[in-house]
Amino acid sequence: MNANVNSNKASYPSIALFIDGEWILDRALCGEVKNPSNERVLALVPRATEEDLARALRAATEGFRLWRDTPPDKRGRILLVAAGLLRERRDQIASIITLENGKPFAQACAEVERSASFFDWDAAQALRTYGTIVPAGPRKQQMVLRQPIGPVAAFTPWNVPLSSPSRKVSGALAAGCSVVLKAAEETPGAACALVQCLVDAGLPPGVLNLVFGDPGMISTTLIASPIIRAVTLTGSVAVGKHLSQLAGAAMKPVLMELGGHAPVLVCEDVDPVRLGREAAIAKMRVTGQICASPSRFIVHRSIYTEFVNAMAEAAREMRVGDGFEPGVQMGPVANQRRLAVMEALVADARQRGARVAAGGERIGDRGCFFAPTVLVDVPLDADAMVLEPFGPVGTCVGAENLDDALSIANALPSASVLTRSRIRSKRPSVSAANWNRACCRSTTSAPRARTRPSAA
């Protein structure tokens, strides 16, 4: 892997809307794309008008009529060609991701490969959309057929600017649906590159449309339209609730992938030094700006000191810098807003009595760099313990036993368990019904398999 791409030579595309097979540039602007490593402006983002959205909806209608009748094997072939183009253009697209998002180039390359794998999966899944014969009474036959639901409105975030659109688009297209994609204005280049791969793969006009602009206006318009038949979002819980309400008012199904504040329960039977160092790496991956990022480390008292010391040491050793620099392990946070949130979380924790074992402050005065941070002895009512940090801030608290740890963890949804005991790792908690989602993992067994639901 070429991880030594020169940021001065990396090119960033012009940003445009894509509606009914046409790239549209000549619109009023809704913002700037900035490189978070140096805050230089990369591009300007056009704002979709109400007329643009109306045209995108008409295009999605016509695109759906064509695409739903396209044989699944032909749909699959187009998806596979798109996957191949993503891989061929990996370095170019990864450079776009690093420029607009800041993540290290190697991580951006991995995101491109992950995105291509979604198209691989869904191209094959398109051929397995079987019907079902259901047992019935005498002289009766009940048959269930799976049909594409219709045009889908997809809303994607800035933290994974290629893989999130890829997951939603590949699933919807494989099912035979058309898509109106509203990607993040902060990181639009990756979405434009994805659309171009699909166009070059032979996707017909109107089947995929891309818009940017006022998020409130776009979401309200698309979701209220009778043309849109399903809604999918990757984003915050607050935005997910809002879009779910809009979709509920129109009686439309939704697929939401929302944030979390994942606790990690560390039992006394593990190696605290090894896992403390691994915890720092896991926490700071993608600068902590991912919904699966572990954030609250709830550690058995008997190994607490060793664990937090190892985690803090690993955080201090981590190399932070421009994602194009060789050896960089963590890039900047996405923007000045995220920088301000990190500073506020640390300040609040300190004021409440927490100790900063590593980091805790901005690095330099150019770019949006924040030091990998480990907070220890954090009061449970501190903001960092109740709000998803979505950044390189990890919190550590001690627990007397597993029941104590579970009570802390269950205050918020989602969790991981680090233990050598298979029985302990599979143990349900008393309040397990309160978990919105759980992912229990043992160091002695493979992670629980997860299926990938289609965006349609």
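The values are calculated or read from the model by the stated rules, or taken from the named source; none is laboratory data. It should be emphasised that the depicted structure is a prediction, and the values quoted were computed from it without experimental measurement. Because the Cβ atoms are built from the backbone with ideal geometry, glycine has one as well, and the counts that use them run over all protein chains shown.
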| field | Every pair of residues 6+ apart whose Cβ atoms lie under 7 Å, when the first sits in region 52-63 and is assigned to a helix (DSSP H, G or I) while the second is among the hydroxyl-bearing types (S, T, Y) | value | L53/T221; L57/S225; A60/S178; G63/S178
| said: If I ask for residues that are touching a strand residue (DSSP E or B) at 6+ places or on another chain (Cβ under 9 Å) and either under 26 Å from W158 (Cα atoms) or outside the structural domain of N35 (by TED's automatic domain parsing) (or both), which ones from region 45-74 would you list? | reply: V45, P46, R47, A48, D52, L53, R55, A56, L57, A59, A60
| message | I'd like the residue in region 161-210 that is outside any helix (DSSP H, G or I) and among the small types (G, A, S) and, out of all such residues, is surrounded by the most Cβ atoms within 10 Å (Cβ to Cβ). | response | S178
| note | Filtering region 14-44 for residues that are surrounded by fewer than 16 Cβ atoms within 10 Å (Cβ to Cβ), assigned to a loop (DSSP other than H, G, I, E, B) and either touching a residue at least 24 places away in the same chain (Cβ under 8 Å) or aliphatic (A, V, I, L, M) (or both) leaves a count of 6
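Here's the yes/no breakdown for (1) assigned by TED's automatic domain parsing to the domain that holds I78; (2) under 29 Å from L194 (Cα atoms); (3) touching a strand residue (DSSP E or B) at 6+ places or on another chain (Cβ under 8 Å):
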{"position": "A116", "(1), (2), (3)": "yes, yes, no"}
{"position": "D120", "(1), (2), (3)": "yes, yes, no"}
{"position": "G131", "(1), (2), (3)": "yes, no, yes"}
{"position": "P135", "(1), (2), (3)": "yes, no, yes"}
{"position": "I149", "(1), (2), (3)": "yes, yes, yes"}
| query | For region 348-363, which residues satisfy the criterion of being in contact with a helix residue (DSSP H, G or I) (Cβ under 9 Å, 6 or more places away or on another chain) and assigned to a helix (DSSP H, G or I)? | reply | D348, A349
| note | Restricting attention to region 59-115, the residues that are of a type in the set (S, T, Y) and either closer than 19 Å to V33 by Cβ or touching a Pro at 6+ places or on another chain (Cβ under 7 Å) (or both) number exactly 3
| Of residues in region 285-342 being β-branched (V, I, T), more than 22 Å from the chain's Cα centre (by Cα) and surrounded by fewer than 22 Cβ atoms within 10 Å (Cβ to Cβ), the one farthest from E361 (Cα to Cα) | I303
| task | State whether the residues of region 262-270 include one that is among the charged types (D, E, K, R) and either closer than 18 Å to V341 by Cβ or modelled with pLDDT of 95 or more (or both). | result | no
| said: Go through (1) crowded, with 22+ Cβ neighbours inside 10 Å; (2) among the β-branched types (V, I, T); (3) over 17 Å from G331 (Cα atoms) for T373 and report which single condition fails. | reply: (3)
